[in-house]
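Q: Once you've had a glance at the structure underneath, I'll fire off some questions.
Computed from the coordinates by the stated procedures, all read-outs in this text should not be read as laboratory data. Fair warning: this is a prediction, and the values are worked out from it, not measured in the lab. Cβ sites come from the backbone with ideal geometry, for glycine too, and all protein chains shown count toward neighbours.
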Amino acid sequence: MALSEKSVITFPPAAKCASDPVSPSGTTLVDMEKVMENAMEKAMGMPNAKSADQFPTQEPDQYDIEAQTAKKRSCALLRFTILNIYRRLFTLVFCANVGVFVYIMTADRRLLALVNATAANLLACGLARQPLVVNAIFYLVCSIPRSAPLRLRRIAAKVYQYGGVHSGCGVASLVWYAGFVGLMSKEFWAPSTGKSTISVAPVVLAYVILALLLAIIIVAYPAFRFKKHDYFELTHRFFGWLVVALFVALLLVFAHEVSRTAGQPLGRFLIELPAFWFLMVIVVAIVHPWILLRKVRVKPEHLSNHAVRLHFDHTTTTFGKGIQLARHPLQDWHGFATFPNPDGKTFSSLVSKAGDWTAACIKDQPTHLWKRGVLIYGFAYAMRVFKRVVVVTTGSGIGPCLSFLGDENRPNLRVVWQTRAPLNTYGDNILHLVSQMDADPFIIDTSKMGRIDMVPAIQRLYREFDAEAVCVISNPFVTKSVVYELESKGIPAFGPVFDS
């Protein structure tokens, strides 16, 4: 059933909960979202939304969306925010490394042990972002059958928080490397044997690498990453490449001096050194996506001044996969979810105005873009482990949700979509695709009713649908707020972690 203007559902504003605040701060999610919306519109110069009087208003008593009291779990803030799965993984990886590091520094201060540990952590850090490895992780973990206990499937669905391993190993590599630089500096300036066996070259290289590693970790701090994402991306990429290249050079120079002192051929020494093989795998992992760098044809479909649909025909897509796109291969890259077109041979991505790059994409209507690597599984793929899912999204977040259409064996879905003037912004074709996900979606037209607190409506729909999970795809603020509100009330909710 295709959606038309007559079938778009709007809601009256939700009431505040008198006994329990909707959000942790005591302010309703509606109020916070309005502040965010006004700020974003001023920043981007977005015009006011068009009137949506053409949308009929549903009778207020047809859907009970008043804020409902629900007792929050004790220690919810600690469990679902401060100690979420991502941070638990980070803490586990980092603390395990620190424990071994302390043991090595107190019992066996061998430089080679520190080099191997540094390279091992850099390898794990890099592989956690390598497309083939990420796809393998998602495929294996999400292969758990839907007949498995729900508790196990909910644990498996947290696979998208694997980034905690990436960041944990990244910070741990700095700890190991700082220990290596410290011991090497001591051996250079105050050798235990009276004469240093280390020359100036490896010391200089070591300090340059240390500075680069420190810069990479500083710009990856969430507060900086969100405010200056382009700087973060470019620093992370080019400094990361430089660190690997210099580390290989350092290893060769250092190995040459150590092997000469030990009277061992350099080749044999390197073959027997784990760090050498770790670095070789890192190089392959970095180079692989760029070998697949291509300039592909794009067919833009102008939807509105706020959104454009990009059609691709260079390959096909499946459920939950995304694509990396750029106007220039050495500049900033942007990831977009993909969803199959009706012919099954091509696919699309939905791009909405959210910054300079996306605004230019909507305005210029590009006919060719660069892509790198393979299509990579994202957060939405983890939802395939469930039988029934409530999908909650705002604005262009509907794009990643449409990737569910790439799986004929997808979960049964109910859709809650809050957006501005959906027909004017995204057009009939997008609304028709939404109706394929859910024949009776809840579409909240904010241009007519304003933004509402979706949590009460989600709670009711979750119970009525007997859903196993709620999938939330929106901007970082709304995603984290809604996921926290639901999980603190005992409803399993999942949302992307925005860690890259």
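Q: Listing 166, 314 from the residue with the fewest other Cβ atoms within 10 Å to the one with the most, what is the order?
A: 314, 166
Q: Skipping prolines and chain starts, which residues have an amide H placed within reach, meaning under 5 Å, of the one on residue 415, given they are 5 or more residues away or on another chain?
A: For residue 415, whose amide H was placed from the backbone, the distant partners under 5 Å are 391, 442.
Q: Please order 189, 417, 357 by the number of other Cβ within 10 Å, starting at the fewest.
A: Ascending Cβ contact count within 10 Å gives the list 189, 357, 417.
Q: With a Förster radius of 22 Å, plug the Cβ-Cβ distance of residue 245 and residue 327 into 1/(1 + (r/R0)^6) and report the FRET value to the nearest 0.05.
A: Working: r = 26 Å, r/R0 = 1.18.
Result of the calculation: an efficiency of 0.25.
Q: Still on this structure: Counting other beta carbons within 10 Å of each Cβ, put 336, 404, 238 in order, fewest first. Write down the numbers at each step before the final one.
A: On the way: 336 19, 404 25, 238 13.
Going from sparsest to densest Cβ surroundings: 238, 336, 404.
Q: Contour minus end-to-end for residue 132 and residue 465, with contour as 0.36 nm per residue of separation and end-to-end as the Cα-Cα distance?
A: Contour length minus the Cα-Cα distance gives 116.3 nm.
Q: Further question on the same structure: What trypsin sites (Lys or Arg not before Pro) does the stretch 201-275 have in DSSP loop regions with at most 16 other beta carbons within 10 Å?
A: Sparse-neighbourhood loop trypsin sites (Lys or Arg not before Pro): 228.
Q: Counting alpha carbon pairs within less than 8 Å and at least 6 residues apart, what relative contact order, in whole percent, applies to the stretch 294-372? Could you put the intermediate results ahead of the total?
A: Working: 164 pairs, mean separation 31.5, N = 79.
Once normalised by length, the contact order is 40 percent.
Q: Here is a further query. For the stretch 110-200, report the translational diffusion coefficient in µm²/s to the nearest whole number, using Stokes-Einstein at 25 °C, 0.890 mPa s, and a Kirkwood Rh over Cα pairs.
A: Stokes-Einstein gives a translational diffusion coefficient of 154 µm²/s.
Q: Here's a follow-up. How fast does the stretch 336-481 diffuse by Stokes-Einstein, in µm²/s, taking the Kirkwood radius from C-alpha pairs at 4 °C and 1.567 mPa s?
A: Estimated via Stokes-Einstein, D reaches 80 µm²/s.
Q: Let me ask you something else. Average projected area of the Cα convex hull of the stretch 79-291, in nm²?
A: 14.7 nm²
Q: Give the Debye-formula value of log10 I(q)/I(0) at each listed q (0.13, 0.20, 0.27 Å⁻¹), with one equal scatterer per alpha carbon of the stretch 294-372, two decimals each.
A: Log10 I(q)/I(0), no solvent term: -0.35, -0.85, -1.50.
Q: Taking the C-alpha atoms of the stretch 110-158, how large are the radius of gyration and the largest Cα-Cα span, Dmax, in Å?
A: Considering the stretch 110-158 through its Cα atoms, Rg and Dmax are 16.3, 51 Å.
Q: Sticking with this one: Pick out, in residue order, every one of the GluC sites (Glu not before Pro) in the stretch 375-470 that is DSSP loop and has at most 14 other C-beta atoms within 10 Å; say none if there are none.
A: Taking the stretch 375-470 and a limit of 14 other Cβ atoms within 10 Å, the loop GluC sites (Glu not before Pro) found are 408.
Q: Let me check against my output: what whole-number percent is the relative contact order of the stretch 348-500, with C-alpha pairs under 8 Å and at least 6 apart?
A: The value is 24 percent.
Q: Residues in the stretch 258-283 near a label at residue 201, defined as backbone nitrogen under 13 Å from the 7 Å Cα→Cβ point?
A: 258-260
Q: Toward the positive end of the charge dipole of the stretch 355-500, about the Cα centre and with charges on Cβ (Lys, Arg +1; Asp, Glu -1), which of 497, 383, 396 goes farthest?
A: 497
Q: Which stretch or stretches of the stretch 313-329 have amide N atoms under 20 Å from the point lying 7 Å from residue 407's Cα along the Cα→Cβ direction?
A: Answer for the stretch 313-329: 316-324.
Q: Too long at a 18 Å Cα-Cα cut-off: which of 387/480; 295/353; 158/480; 158/371; 158/387?
A: 387/480; 295/353; 158/371
Q: How would the stretch 302-343 be classified by its alpha-carbon gyration tensor: rounded, prolate or oblate, with rounded meaning a/c under 1.5 and the a/b versus b/c comparison settling the rest?
A: oblate
Q: About the Cα centre, and with charges only on the beta carbon of Lys, Arg (+1) and Asp, Glu (-1), how big is the dipole of the stretch 367-500? Nearest 20 debye, please.
A: Details: 14 positive and 13 negative charges, 46 e Å.
Magnitude of the dipole: close to 220 debye.
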